[in-house]
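Sharing a structure here in structure tokens format.
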Amino acid sequence: MYKIVAKKELAPKIKLFEVYAPEIAEKAKPGQFIILIIDEKGERIPLTIAGYDRKKGTVTFVFNEVGKTTKQLGLLKEGDSITNITGPLGNPSEIKNFGNVLCIGGGVMIAPMLLQVKALREAGNAVTTVIGARIKDLLFFEEEMKALSHKFYVATDDGSKGYEGLGFLKELIEKNRFDRCIAMGPVVMMKTVCEITKPFGIPTIVTLTPIMVDGMGMCGVCRVTVGGQMKFACVDGPEFDGHLVDFDGLINRQRMFLPEERLSSLLWEKLGGCGCGGK
Amino acid sequence: MAENKPTPKVKKKAVPMPKQKPEVRRRNFNEVALGYTEEQAIEEASRCLQCPKPQCVPGCPVEIDIPAFIKLIREGKFDEAVKKIKEKNSLPAICGRVCPQEEQCQMNCVLGKAGDPINIGRLERFVADWERQKGVTIPEKAPATGKKVAIIGAGPAGLTAAADLAKLGHEVVIFEALHLPGGVLVYGIPEFRLPKSIVQAEVDYIKKLGVELRLGYLIGRIHTIPELLKEEGFDAVFIGTGAGLPQFLGVPGENLGGIYSANEFLIRVNLMKSYAFPEYDTPIRIGRHVVVIGGGNVAMDSARSALRLGAEEVCIVYRRSREEMPARKEEIENAEEEGIICKFLANPTRFIGDEKGWVKQMECICMELGSPDESGRRRPVPVKGSEFIMDVDTVIVAIGRTPNPIIQRTTEGLAVTKWGTIVVDEDGRTSLEGVYAGGDIVTGEATVISAMGASKKAAKAIHEYLMNKK
Ligand SMILES: Cc1cc2nc3c(=O)[nH]c(=O)nc-3n(C[C@H](O)[C@H](O)[C@H](O)COP(=O)(O)OP(=O)(O)OC[C@H]3O[C@@H](n4cnc5c(N)ncnc54)[C@H](O)[C@@H]3O)c2cc1C
Ligand SMILES: Cc1cc2nc3c(=O)[nH]c(=O)nc-3n(C[C@H](O)[C@H](O)[C@H](O)COP(=O)(O)OP(=O)(O)OC[C@H]3O[C@@H](n4cnc5c(N)ncnc54)[C@H](O)[C@@H]3O)c2cc1C
Ligand code: SF4
Ligand code: SF4
Ligand code: FES
């Protein structure tokens with residue numbers, strides 16, 4: 001049992017949990033993830049580690065309420081417990097002094113990006129950060145990110161804050177010599193970033209989030225095509241060279257269980273699982 | 001005439017195993033074989049000749065004293081029969097169900113020459129079930145030695161080593177990466193062949209021996225083996241991480257929706273109980289036409305599970321012929337009785353998807369058998385121009401599994417073969433001091449009983465190592 005010691009709402013439907021898990025906190029590194037199962041009937045879902053406090057023995061993750069499991073998770077309160085958390089999983093990010101680094105965090109993945117930015121700064125990099133979301137209300141960690149960044153930009157899909165879309169990146173890259181780009185966020189966003197950085201030959205690292213079950217290399221559901229080869233994101237990744245990734249294949253595989261996911265979410269809400277009493 | 005001679009009457013026919021009827025069981029996940037009654041068990045046991053030099057014993061990888069336990073059954077001393085078996089095998093309810101007996105203990109039984117061999121596995125299962133119903137007694141443990149052993153993996157290898165070491169008085173902690181213990185016994189072999197309550201009973205027994213289970217610990221990521229030995233206070237480590245890395249065909253279209261590795265399919269169905277979706281959260285989509293690629297036990301289990309999930313038609317596609325199929329004969333028969341179709345001498349060459357990225361068709365090529373390969377089986381070769389197309393909604397790829405690689409990647413100095421298996425001597429010692437290994441991680445995909453046999457040997461070696469260590 002893993003106890004939730006703190007809970008915060010960062011934006012509508014985006015929640016932060018800090019959980020007591022001292023052994024995971026001891027070993028966690030930026031870029032790694034955990035898999036949790038809420039109760040014995042639950043499914044196993046992966047979430048990226050967004051922070052850890054080795055002294056307090058806690059791990060932090062931030063999630064977006066998109067389906068049954070994340071909505072159910074969002075109902076848990078401080079003091080409640082999660083049945084099982086496995087982690088840290090996946091390979092840690094490569095953190096060293098690359099020089100001038102461009103970090104782009106989109107949506108809920110702004111949270112783990114903050115952890116990366118911290119680590120990159122500690123390693124001596126100059127970090128330019130871009131955070132993005134669909135609309136301005138979904139942005140969070142602006143102040144924290146700004147404080148750590150050499151330069152800081154905001155983008156929204158609808159232009160309600162900062163730049164509209166990621167088109168401005170091209171100019172930004174032309175004006176600055178970046179040695180590395182790191183992108184974390186929705187697959188379409190990472191794909192766009194890679195299309196922009198590729199002609200400039202900037203090594204671009206992306207975090208792939210295919211559907212996962214075991215997270216330890218046993219089921220193959222997380223298979224992705226990278227450089228024409230089959231890779232398992234949970235053990236070979238989750239970070240890969242974005243210029244080699246088959247994003248369309250990934251998007252297709254992420255949608256695999258859409259009808260079942262909708263059914264599960266709908267039934268749960270109908271049966272009052274969401275706490276609305278079946279209304 | 002021979003009939004006048006007073007020869008002892010040997011019953012040639014085995015007592016048949018009561019089973020669920022095929023038309024009923026094909027749509028439920030309850031156990032297929034129902035088990036002997038006391039009378040049936042005694043009757044079957046009475047057929048045994050009690051051979052002075054029994055041929056059955058060397059066929060058993062852990063050398064159970066088979067005639068002795070059968071004699072005890074015949075005399076109705078079930079309690080003592082279990083004790084006899086447990087001298088060698090701590091998981092009889094499981095082995096009695098899943099051992100390939102026809103290739104092991106039963107293969108050499110003298111009665112098999114002129115009739116049916118003794119159903120040794122079914123008798124083993126009978127007494128184990130009898131004991132479980134009555135309540136298992138916990139054996140006495142040796143006094144505490146003050147030594148600590150870490151076991152990695154809670155499959156049959158890990159569970160067996162843990163039990164043996166705990167009985168010898170060592171403090172034992174099992175680290176298991178999944179959220180439930182049992183290894184393939186819970187995530188692979190389906191409920192209808194091995195009810196999960198039986199695995200749970202074995203795990204409870206091991207807990208009662210004082211073994212601590214830590215679930216959700218992927219060793220190599222959370223602690224490495226050197227850390228377990230140097231920082232976490234363990235005196236020895238046993239690796240029983242199994243062969244769980246799925247193989248794919250490597251043909252175009254394999255990443256389409258609806259194509260599962262057998263491991264994914266079985267993990268969803270067994271470990272995550274997606275047959276009870278949406279009560280359980282993990283989804284599975286099955287469709288009407290299911291094709292399973294492969295010819296082993298894993299293919300049979302996948303096909304029979306798919307049928308039980310409601311598929312209209314399940315077809316096993318295998319690149320050799322029936323004679324070469326590695327699955328147990330009993331399971332092939334069970335599958336066919338349930339209505340599963342086998343298509344031999346065919347191999348997939350590509351998958352074709354619909355506009356939503358879901359698999360729609362599978363192209364195969366016909367095969368013919370050429371000369372025998374290293375394994376002694378005739379090598380299948382494609383017949384030029386013989387491609388044909390099948391309509392499919394779901395494909396399950398069951399063409400083999402290789403060792404889990406995380407430990408090997410994260411343990412410096414651990415000797416590994418080019419197949420990724422861990423190198424050990426005959427007592428299970430690896431190239432690192434105090435580190436032992438056994439089961440599928442050493443042999444590659446094998447059997448429950450061979451994993452247990454290897455881990456028993458390793459447990460013995462670990463005990464000697466610990467007792468001689470300062
Ligand atoms: C390595 C990894 C790290 C991740 N880190 C985070 C994180 O830090 N925060 C976070 O909010 N989410 C993260 N995700 C995604 C998260 O696991 C899914 O959102 C979650 O499983 C959805 O479960 P659900 O039952 O609530 O929704 P479902 O009902 O399963 O799905 C609802 C919707 O979410 C989509 N979805 C399902 N699974 C995934 C997935 N694996 N990735 C993306 N979309 C998915 C579905 O297509 C569907 O549209 C990560 C995924 C991976 C593989
Ligand atoms: C579908 C199927 C059907 C089968 N049917 C039969 C049958 O009928 N009869 C038979 O005799 N055999 C059968 N087998 C084979 C048999 O199950 C295996 O040979 C046996 O389970 C091997 O035992 P093991 O303990 O070595 O490994 P496993 O049972 O594979 O257990 C390994 C355990 O280690 C865990 N693990 C892996 N890596 C780590 C890590 N880094 N840290 C922590 N934990 C880790 C895994 O999660 C797993 O729980 C079947 C196999 C399958 C897949
Ligand atoms: S353990 Fe397996 S091989 Fe040995 S006697 Fe029992 S069924 Fe036969
Ligand atoms: S070989 Fe057959 S008949 Fe002889 S002891 Fe063994 S089981 Fe009994
Ligand atoms: S999640 Fe199962 S292999 Fe990656």
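Of all residues being of a type in the set (A, V, I, L, M, F, W, C) and over 18 Å from B:Gln104 (Cα atoms) in the stretch B:50-77, which is surrounded by the most Cβ atoms within 10 Å (Cβ to Cβ)? Just the residue, please.
Of all residues in the stretch B:50-77, those of a type in the set (A, V, I, L, M, F, W, C) come to B:51, B:56-57, B:60, B:62, B:64, B:66, B:68-70, B:72-73.
If we keep only those that are over 18 Å from B:Gln104 (Cα atoms) as well, we get B:72-73.
Working: B:Leu72: 21, B:Ile73: 26.
My answer is B:Ile73.
Follow-up. Taking only the stretch A:123-137 into account, find how many residues are part of a helix (DSSP H, G or I) and at pLDDT 95 or above.
Within the stretch A:123-137, the first condition is being part of a helix (DSSP H, G or I), and the residues that meet it are A:136-137.
From what's left, at pLDDT 95 or above: none.
Number of matching residues: 0.
Condition first: farther than 15 Å from A:Lys8 by Cβ and open to solvent by 30 Å² or more (accessible area, probe 1.4 Å). Now tell me which residues in the stretch A:143-153 satisfy that. Explain how you work it out, then say what you get.
Kept after step one, since they are farther than 15 Å from A:Lys8 by Cβ, are these residues of the stretch A:143-153: A:145-153.
Across the stretch A:143-153, the qualifying residues are A:Lys146, A:Ala147, A:Leu148, A:His150, A:Lys151, A:Phe152, A:Tyr153.
Only one residue in B:Cys48, B:Cys109, B:Cys105 is within 16 Å of ligand 2 (Cβ to nearest atom) and more than 21 Å from B:Lys196 (Cα to Cα). Which one? Talk me through it step by step, then tell me what you get.
Values: B:Cys48 fails: within 16 Å of ligand 2 (Cβ to nearest atom); B:Cys109 fails: within 16 Å of ligand 2 (Cβ to nearest atom).
The unique qualifying residue is B:Cys105.
If you don't mind, there's one more thing I want to ask. Might you check whether a residue that is assigned to a strand (DSSP E or B) and either open to solvent by 10 Å² or more (accessible area, probe 1.4 Å) or in contact (Cβ under 8 Å) with a residue 12 or more places away in the chain (or both) occurs anywhere in the stretch A:19-27?
Step one: filter the stretch A:19-27 for residues assigned to a strand (DSSP E or B), giving A:19-20.
Then keep just the ones that are either open to solvent by 10 Å² or more (accessible area, probe 1.4 Å) or in contact (Cβ under 8 Å) with a residue 12 or more places away in the chain (or both); that gives A:19-20.
Yes, the stretch A:19-27 contains at least one residue that is assigned to a strand (DSSP E or B) and either open to solvent by 10 Å² or more (accessible area, probe 1.4 Å) or in contact (Cβ under 8 Å) with a residue 12 or more places away in the chain (or both).
Residue-wise test of (1) modelled with pLDDT of 90 or more; (2) within 11 Å of ligand 4 (Cβ to nearest atom).
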{"position": "B:Ser46", "(1), (2)": "yes, yes"}
{"position": "B:Gly59", "(1), (2)": "yes, yes"}
{"position": "B:Val62", "(1), (2)": "no, no"}
{"position": "B:Leu72", "(1), (2)": "yes, no"}
{"position": "B:Phe78", "(1), (2)": "yes, no"}
{"position": "B:Leu91", "(1), (2)": "no, no"}
{"position": "B:Gln104", "(1), (2)": "yes, no"}
{"position": "B:Lys113", "(1), (2)": "no, yes"}
{"position": "B:Ile120", "(1), (2)": "yes, yes"}
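Could you check how many residues of the stretch B:269-307 are more than 9 Å from every other protein chain (Cβ to nearest Cβ) and either touching a Gly at 6+ places or on another chain (Cβ under 9 Å) or not β-branched (Val, Ile, Thr) (or both)? Break it down stepwise before answering.
First, pick out the residues of the stretch B:269-307 that are more than 9 Å from every other protein chain (Cβ to nearest Cβ): B:269-270, B:275, B:286-307.
In the following step, the residues that additionally are either touching a Gly at 6+ places or on another chain (Cβ under 9 Å) or not β-branched (Val, Ile, Thr) (or both) were identified as B:270, B:275, B:286-289, B:294-307.
Count: 20.
Among all residue pairs at least 6 apart or on different chains, which show Cβ distances below 7 Å where the first residue, located in the stretch B:120-135, is more than 16 Å from B:Ile42 (Cα to Cα) and the second is part of a helix (DSSP H, G or I) and away from ligand 3 (no atom under 15 Å from the Cβ)?
From residues that are more than 16 Å from B:Ile42 (Cα to Cα), the pairs are B:Arg132/B:Ala201.
Moving to a separate point now. Tally the residues that are among the small types (Gly, Ala, Ser) and either within 14 Å of another protein chain (Cβ to nearest Cβ) or within 16 Å of ligand 5 (Cβ to nearest atom) (or both), restricting the search to the stretch B:140-156. Walk me through how you get there before you give the answer.
So the first thing to find is which residues in the stretch B:140-156 are among the small types (Gly, Ala, Ser), and the list is B:142, B:144, B:146, B:150, B:153-155.
Restricting the remaining residues to those that are either within 14 Å of another protein chain (Cβ to nearest Cβ) or within 16 Å of ligand 5 (Cβ to nearest atom) (or both) gives B:150, B:153-155.
So the count comes out to 4.
Which pairs turn up if I take residues in the stretch A:222-251 that are over 12 Å from A:Gly90 (Cβ atoms) and look for partners that are hydrophobic (A, V, I, L, M, F, W, C) and open to solvent by 60 Å² or more (accessible area, probe 1.4 Å) with beta carbon separation below 6 Å, at least 6 apart in sequence or on another chain?
Close Cβ pairs (under 6 Å, with a partner that is hydrophobic (A, V, I, L, M, F, W, C) and open to solvent by 60 Å² or more (accessible area, probe 1.4 Å)) amount to A:Arg223/A:Met230; A:Val226/A:Leu244; A:Gly227/A:Leu244.
Now for a different question. Please enumerate the residues belonging to the stretch A:154-178 that are exposed (fewer than 15 other Cβ atoms within 10 Å of the Cβ) and either in a helix (DSSP H, G or I) or touching a residue at least 60 places away in the same chain (Cβ under 8 Å) (or both).
Scanning the stretch A:154-178 gives A:Lys170, A:Glu171, A:Glu174, A:Lys175, A:Asn176, A:Arg177.
Would you mind finding the one in A:Val101, A:Val66 that is out of contact with any Pro (no Cβ under 9 Å at 6 or more places or on another chain), outside any loop (DSSP other than H, G, I, E, B) and more than 12 Å from every other protein chain (Cβ to nearest Cβ)?
Numbers: A:Val66 fails: outside any loop (DSSP other than H, G, I, E, B).
Going through A:Val101, A:Val66 in turn, just one is out of contact with any Pro (no Cβ under 9 Å at 6 or more places or on another chain), outside any loop (DSSP other than H, G, I, E, B) and more than 12 Å from every other protein chain (Cβ to nearest Cβ): A:Val101.
Only residues that are polar (S, T, N, Q), buried (at least 19 other Cβ atoms within 10 Å of the Cβ) and closer than 20 Å to B:Ile293 by Cα: list them for the stretch B:381-440, please. Give the steps one after another, and end with the answer.
Quick first cut of the stretch B:381-440, residues polar (S, T, N, Q) only: B:386, B:394, B:402, B:404, B:408, B:410-411, B:417, B:421, B:430-431.
Now drop any that are not buried (at least 19 other Cβ atoms within 10 Å of the Cβ), which leaves B:394, B:404, B:408, B:411, B:430.
Across the stretch B:381-440, the qualifying residue is only B:Thr394.
Listed here are the residues, each with its yes/no results for (1) under 30 Å from A:Met218 (Cβ atoms); (2) crowded, with 24+ Cβ neighbours inside 10 Å; (3) within 16 Å of ligand 3 (Cβ to nearest atom).
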site: A:Asn84; (1), (2), (3): yes, no, no
site: A:Ile104; (1), (2), (3): no, yes, no
site: A:Lys118; (1), (2), (3): no, no, no
site: A:Gly132; (1), (2), (3): no, yes, no
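While we're on this one: Look at B:Lys141 and say whether it is within 13 Å of B:Val82 (Cα to Cα), of a type outside the set (Asp, Glu) and modelled with pLDDT under 95.
Values: within 13 Å of B:Val82 (Cα to Cα): no; of a type outside the set (Asp, Glu): yes; modelled with pLDDT under 95: yes.
Here the answer is no, as B:Lys141 does not meet what is asked.
Is one or more of the residues making up the stretch A:253-269 part of a loop (DSSP other than H, G, I, E, B), within 17 Å of B:Pro246 (Cβ to Cβ), open to solvent by less than 30 Å² (accessible area, probe 1.4 Å) and touching a helix residue (DSSP H, G or I) at 6+ places or on another chain (Cβ under 7 Å)? Explain how you work it out, then say what you get.
Within the stretch A:253-269, the first condition is being part of a loop (DSSP other than H, G, I, E, B), and the residues that meet it are A:255-257.
Of the ones still in play, those that are also within 17 Å of B:Pro246 (Cβ to Cβ) are A:256.
Checking the rest, the ones that are also open to solvent by less than 30 Å² (accessible area, probe 1.4 Å) come to A:256.
Narrowing the set further to residues that are touching a helix residue (DSSP H, G or I) at 6+ places or on another chain (Cβ under 7 Å) leaves none.
Within the stretch A:253-269, not a single residue is part of a loop (DSSP other than H, G, I, E, B), within 17 Å of B:Pro246 (Cβ to Cβ), open to solvent by less than 30 Å² (accessible area, probe 1.4 Å) and touching a helix residue (DSSP H, G or I) at 6+ places or on another chain (Cβ under 7 Å).
In the stretch B:120-155, what residues are within 16 Å of ligand 2 (Cβ to nearest atom) and open to solvent by 20 Å² or more (accessible area, probe 1.4 Å)? Full working, then the answer.
Here is the first cut: in the stretch B:120-155, the residues within 16 Å of ligand 2 (Cβ to nearest atom) are B:120-122, B:124-125, B:128, B:149-155.
Selection gives B:Arg122 alone.
Another one. Of all residues in the stretch B:79-116, which are open to solvent by 40 Å² or more (accessible area, probe 1.4 Å) and in a loop (DSSP other than H, G, I, E, B)? Please lay out each step first, then the result.
As a first pass, look at the stretch B:79-116 and keep what is open to solvent by 40 Å² or more (accessible area, probe 1.4 Å): B:79-80, B:83-84, B:86-88, B:102-103, B:107-108, B:110, B:113-114, B:116.
Hits for the stretch B:79-116 are B:Glu87, B:Lys88, B:Ala114, B:Asp116.
Spot the failing condition for A:Glu23; the list is (1) within 9 Å of chain B (Cβ to nearest Cβ); (2) more than 30 Å from B:Glu279 (Cα to Cα); (3) near ligand 1 (Cβ under 9 Å from one of its atoms), and only one is missed.
(3)
Of all residues being touching an Asp or Glu at 6+ places or on another chain (Cβ under 8 Å) and of a type outside the set (A, V, I, L, M) in the stretch A:26-52, which is farthest from the other protein chains (Cβ to nearest Cβ)? Just the residue, please.
A:Gly51
Sticking with this structure for a sec: Closer than 30 Å to B:Ile284 by Cα and surrounded by fewer than 18 Cβ atoms within 10 Å (Cβ to Cβ), is that true of A:Asp53?
Details: closer than 30 Å to B:Ile284 by Cα: no; surrounded by fewer than 18 Cβ atoms within 10 Å (Cβ to Cβ): yes.
No; evaluated as a whole, the condition is false for this residue.
Going by the conditions given, is A:Thr209 under 23 Å from A:Ala111 (Cα atoms) and within 16 Å of ligand 5 (Cβ to nearest atom)? Spell out the reasoning first.
Details: under 23 Å from A:Ala111 (Cα atoms): yes; within 16 Å of ligand 5 (Cβ to nearest atom): yes.
Considered against the rule, which asks whether it is under 23 Å from A:Ala111 (Cα atoms) and within 16 Å of ligand 5 (Cβ to nearest atom), A:Thr209 comes out as yes.
Scan the stretch B:165-199 residue by residue and report those that are within 18 Å of B:Pro100 (Cα to Cα) and outside any helix (DSSP H, G or I).
Once the filter is applied, which keeps residues that are within 18 Å of B:Pro100 (Cα to Cα) and outside any helix (DSSP H, G or I), the stretch B:165-199 yields B:Gly188, B:Ile189, B:Pro190, B:Glu191, B:Phe192, B:Arg193, B:Leu194, B:Pro195.
The values are calculated or read from the model by the stated rules, or taken from the named source; none is laboratory data. The structure displayed is predicted, hence computed values, not measured ones. Glycine also receives a Cβ, built like all others from the backbone with ideal geometry; neighbour counts cover every protein chain displayed. The accessibility values were calculated without ligands, DNA or RNA, using every heavy atom of the protein model including side chains. Shrake-Rupley method; radii C 1.70, N 1.55, O 1.52, S 1.80 Å.
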